[in-house]
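Read the structure below first, then the notes.
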Amino acid sequence: MGKARRKNENGFLFEQVYDFILHRIERGEWQGNEKLPSIRQLSLEMKVHRLTVFKAFQLLKEQNKVYVVDKKGYYVQIGNASKEAESPPIVTAYPKENQLAAVHAAPVMYQFSQALIDPNLLPNHYLSDYVKKVFDLYPKVLATYATVEGDPELRESLAHYFMNIHKTYVTPENILITTGSQQAIHLIAQAFVKPRDTVLIERPAYSAAIDTFKNQGANIVAIDITEKGYDLDRIEDYMKTYKPRLFYLNPTFHNPTGYVVPVFQRKRLVELAEQHNCLLVEDDAYPDIYFEKQAVQPVYTFDTTGSVIYVRSFCKYVSPGLRVAAVLCPPALRPALITVKSLADNGSPLLNQKIFLHFFHSERMQQHFSKLRIALQIRKEIMEEELSETGWQWESPKGGLNLWVKLNDDVSGSDLLKKAIEQSVSFVPGVYFDPYGQDHSRVRLTYSYMNEVKIKEGIRKLVHISQSLNGKY
Ligand SMILES: Cc1ncc(COP(=O)(O)O)c(C=O)c1O
């Protein structure tokens, strides 16, 4: 078949063009009876021969996805439009919900669903001092934009901070400030993932990251994370087979499990990523919340070839309201990331960055960290104590904000949640953290948001509800 049948690892070229067109029809970008771009236009846009596009159209026609109007061109077949009838007038590219947000929205008295820190444990009182200080130091702070990359003073100070704690070389130019790490994940997905690209993701994984990559149209392939870390042979195999664009990982006090991937695996992972040209996106949201010893070195510190993007959130335990996170990005990838950041918001708010800058480097901040660790450890132990008679299973986490709990066989996390919410208790069913949506036996219980009394009361209620579900009451 000559050039049009050129085959690469993603299949025949015309199949890729077919995928591209079909995907857009399915997403509602091209609607029923809408004229599609011409063969010529598409061949220019996709840099393929016209015959290749023609072949793709033929296949779409055979499958009743498109029809031809003589001398006019190809149109989207209305038969595909059952979804369109229900669609809102504005096209929603991926009308999928953010599952976590839906659970968090439930108004309950016993809140074990949000992986947030109890606001009473944050140094609210002192923050106002820093707000005042910032206005004194920068009287025009509200009168200017920040730069897209983030405030130069903050990036400079964070470069020193990272060099100090990680003993690695970081320059301010490597740093991009984002509005929380959620934005960083979103920007990375936009900059580096095209629809149908394969993305590796841990199983279980932070649910909003799964949703972000899925919404970008990625083909998700999961890698189990256990208390021992990853199966590296499997990762290697997947990298060879699927040629993923990136691997999103949260290797330190992982959400939801609390696991920490051991150092030898971190080193090997970087080698594999380099060999297979797979970007590692390391999400680090809780490194300072440890109960025994400090977290091990992040994966990015073993990278010498620019294979890792490191995303460090400061939201959780510095000040969630400021929404400050930093991305350490290899130089070659910076321009793409900065472009999507500028398209998203032209830079995170300057005031927040300045307040964060002065607060984060203060003596008080360090004292706050040590007190916070103790308070959270106590809450974790109280929750574990309350669960000790249930027969539920979990690995006691050495850091982070959550217990990752396996229920008894006869109860599903989602059923339990339905009943629990009726009685004002919330948590997140494990299935939300499963990229394949199959794990019904686990739940994530956050111990950082409720105080000790509420943890005792709420967990007792939850245990009672679960016992009534499996017929013990
Ligand atoms: C692993 C992980 N990454 C990212 C985020 C998003 O955090 P933020 O946007 O507040 O920085 C969270 C929040 O729960 C998280 O657990």
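Brief remarks follow.
- Listed conditions (1) part of a helix (DSSP H, G or I); (2) surrounded by fewer than 23 Cβ atoms within 10 Å (Cβ to Cβ) are all met by LEU269, apart from (2).
- Among the residues making up the stretch 285-305, those that are within 16 Å of the ligand (Cβ to nearest atom) and outside any loop (DSSP other than H, G, I, E, B) are TYR290, VAL299, TYR300.
- Taken over the stretch 372-399, the criterion of being under 25 Å from the mean Cα position of the chain (by Cα) and among the small types (Gly, Ala, Ser) is satisfied by SER396, GLY399.
- Condition met for LEU187 (part of a strand (DSSP E or B), closer than 22 Å to ARG312 by Cα, touching a helix residue (DSSP H, G or I) at 6+ places or on another chain (Cβ under 8 Å) and at pLDDT 95 or above): no
- Being buried (at least 21 other Cβ atoms within 10 Å of the Cβ), touching a Pro at 6+ places or on another chain (Cβ under 9 Å) and assigned to a strand (DSSP E or B) is a property that holds for ILE201.
- In the set (1) without any contact (Cβ under 8 Å) to a residue 12 or more places away in the chain; (2) of a type in the set (Ser, Thr, Tyr); (3) in a loop (DSSP other than H, G, I, E, B), the condition left unmet by SER348 is number (1).
- Residue pairs whose Cβ atoms lie under 6 Å apart, sitting 6 or more positions apart in sequence or on different chains, and linking a residue in the stretch 381-407 that is free of Cβ contacts under 8 Å to residues at least 24 places away in the same chain to a partner that is among the small types (Gly, Ala, Ser) and more than 16 Å from the ligand (Cβ to nearest atom), do not occur here.
- From LYS167, LYS243, residue being under 22 Å from the mean Cα position of the chain (by Cα), more than 16 Å from the ligand (Cβ to nearest atom) and closer than 24 Å to ALA332 by Cα: LYS243
- Verdict on PHE369 being in contact (Cβ under 8 Å) with a residue 60 or more places away in the chain, assigned to a helix (DSSP H, G or I), surrounded by 19 or more Cβ atoms within 10 Å (Cβ to Cβ) and within 27 Å of the chain's Cα centre (by Cα): no
- Any hit, the stretch 64-73, residues being of a type in the set (S, T, N, Q), buried (at least 16 other Cβ atoms within 10 Å of the Cβ) and out of contact with any Ser or Thr (no Cβ under 8 Å at 6 or more places or on another chain): no
- The stretch 206-232 - residue that is part of a loop (DSSP other than H, G, I, E, B) and within 19 Å of GLY437 (Cβ to Cβ) and, of those, farthest from the ligand (Cβ to nearest atom): GLY217
- Residue check, GLU97 among the acidic types (Asp, Glu), modelled with pLDDT under 90 and under 30 Å from SER113 (Cα atoms): yes
- Any hit, the stretch 354-362, residues being of a type outside the set (Gly, Ala, Ser), surrounded by fewer than 22 Cβ atoms within 10 Å (Cβ to Cβ) and at pLDDT 95 or above: no
Residues checked against (1) in contact with a helix residue (DSSP H, G or I) (Cβ under 9 Å, 6 or more places away or on another chain); (2) closer than 22 Å to LEU121 by Cα; (3) hydroxyl-bearing (Ser, Thr, Tyr):
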{"residue": "LEU249", "(1), (2), (3)": "yes, no, no"}
{"residue": "LYS267", "(1), (2), (3)": "yes, no, no"}
{"residue": "GLU271", "(1), (2), (3)": "yes, no, no"}
{"residue": "GLU274", "(1), (2), (3)": "no, no, no"}
{"residue": "ASP284", "(1), (2), (3)": "yes, yes, no"}
{"residue": "VAL299", "(1), (2), (3)": "yes, no, no"}
{"residue": "SER319", "(1), (2), (3)": "yes, yes, yes"}
{"residue": "ARG323", "(1), (2), (3)": "yes, yes, no"}
{"residue": "ALA336", "(1), (2), (3)": "yes, no, no"}
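- For beta carbons closer than 9 Å, sequence separation of 6+ or different chains, a first residue in the stretch 314-326 that is assigned by TED's automatic domain parsing to the domain that holds THR171 and in a helix (DSSP H, G or I) and a second that is near the ligand (Cβ under 10 Å from one of its atoms) and hydrophobic (A, V, I, L, M, F, W, C), the qualifying pairs are PRO320/LEU116; GLY321/CYS315; LEU322/PHE314; LEU322/CYS315.
- From the options LEU116, LEU176, residue that is within 16 Å of the ligand (Cβ to nearest atom), modelled with pLDDT of 90 or more and in contact with a Leu (Cβ under 7 Å, 6 or more places away or on another chain): LEU176
- The selection criterion, being away from the ligand (no atom under 16 Å from the Cβ), assigned to a loop (DSSP other than H, G, I, E, B), outside the structural domain of VAL260 (by TED's automatic domain parsing) and among the acidic types (Asp, Glu), does not hold for GLU381.
- None of SER388, SER448 is of a type in the set (S, T, N, Q), surrounded by 18 or more Cβ atoms within 10 Å (Cβ to Cβ) and at negative phi except SER448.
- Qualifying residue in the stretch 225-245 (condition: touching a residue at least 60 places away in the same chain (Cβ under 8 Å) and of a type outside the set (D, E, K, R)): no
Quick grid of which residues meet (1) in contact with a His (Cβ under 9 Å, 6 or more places away or on another chain); (2) within 20 Å of TRP404 (Cβ to Cβ):
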site: GLY180; (1), (2): no, no
site: ALA184; (1), (2): no, no
site: GLN190; (1), (2): no, no
site: PRO195; (1), (2): yes, no
site: SER207; (1), (2): no, yes
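Table: residues versus (1) within 15 Å of the ligand (Cβ to nearest atom); (2) under 20 Å from TYR138 (Cα atoms); (3) more than 19 Å from the chain's Cα centre (by Cα); (4) of a type in the set (Gly, Ala, Ser).
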position: ALA325; (1), (2), (3), (4): yes, no, no, yes
position: ALA344; (1), (2), (3), (4): yes, no, no, yes
position: PRO349; (1), (2), (3), (4): yes, yes, yes, no
position: HIS358; (1), (2), (3), (4): no, yes, yes, no
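The values are calculated or read from the model by the stated rules, or taken from the named source; none is laboratory data. None of the values given here were measured: they were computed from a predicted structure. Glycine also receives a Cβ, built like all others from the backbone with ideal geometry; neighbour counts cover every protein chain displayed.
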